[in-house]
Amino acid sequence: MFSVTSSCAQHLYALKILRPHGMFDEALQQIFRAVVISSMLSVERMAGIHISRWQHLEAFLRRSMRSCLCSLEQEDLMNLLKQQTTLL
């Protein structure tokens, strides 16, 4: 799980670098959802996740919202998981 969060943190850094180069927030949020959220919420990774790691992922998601890379409609990890399972 920690490799997932470190990978997501690397993606987050890359997206933060793109903002000063003129990429719009809407585009950054779409890329964030496509790359970071999908890797965080893969079904096989979420099966049997320990509560401390769940909280770690939620903290990462809150950091992403503060950076305006994650839209406010993606409030928490449980809502994101519910959205993903309904799409499958």
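Can you tell me how many residues within region 1-34 are surrounded by 13 or more Cβ atoms within 10 Å (Cβ to Cβ), at pLDDT below 85 and more than 13 Å from Leu77 (Cβ to Cβ)?
Summing the residues that are surrounded by 13 or more Cβ atoms within 10 Å (Cβ to Cβ), at pLDDT below 85 and more than 13 Å from Leu77 (Cβ to Cβ) in region 1-34 gives 3.
Condition first: in contact with a helix residue (DSSP H, G or I) (Cβ under 6 Å, 6 or more places away or on another chain) and modelled with pLDDT of 75 or more. Can you find one or more residues in region 73-83 that meet it?
no
Name the pairs whose Cβ atoms lie under 6 Å apart, with the first residue in region 51-70 and closer than 12 Å to Ala9 by Cα, the second outside any helix (DSSP H, G or I), and 6 or more positions between them or separate chains?
Ser64/Cys70
Are any of the residues in region 41-57 at pLDDT 85 or above and in a loop (DSSP other than H, G, I, E, B)? Outline the logic, then answer.
First pass over region 41-57, keeping only residues at pLDDT 85 or above: none.
No, there is no match, as no residue in region 41-57 is at pLDDT 85 or above and in a loop (DSSP other than H, G, I, E, B).
The values are calculated or read from the model by the stated rules, or taken from the named source; none is laboratory data. Since the model is a prediction, treat every value here as computed from it, not as a measurement. Don't worry about glycine lacking a Cβ; one is built from the backbone with ideal geometry, like all the others, and counts go over all protein chains shown.
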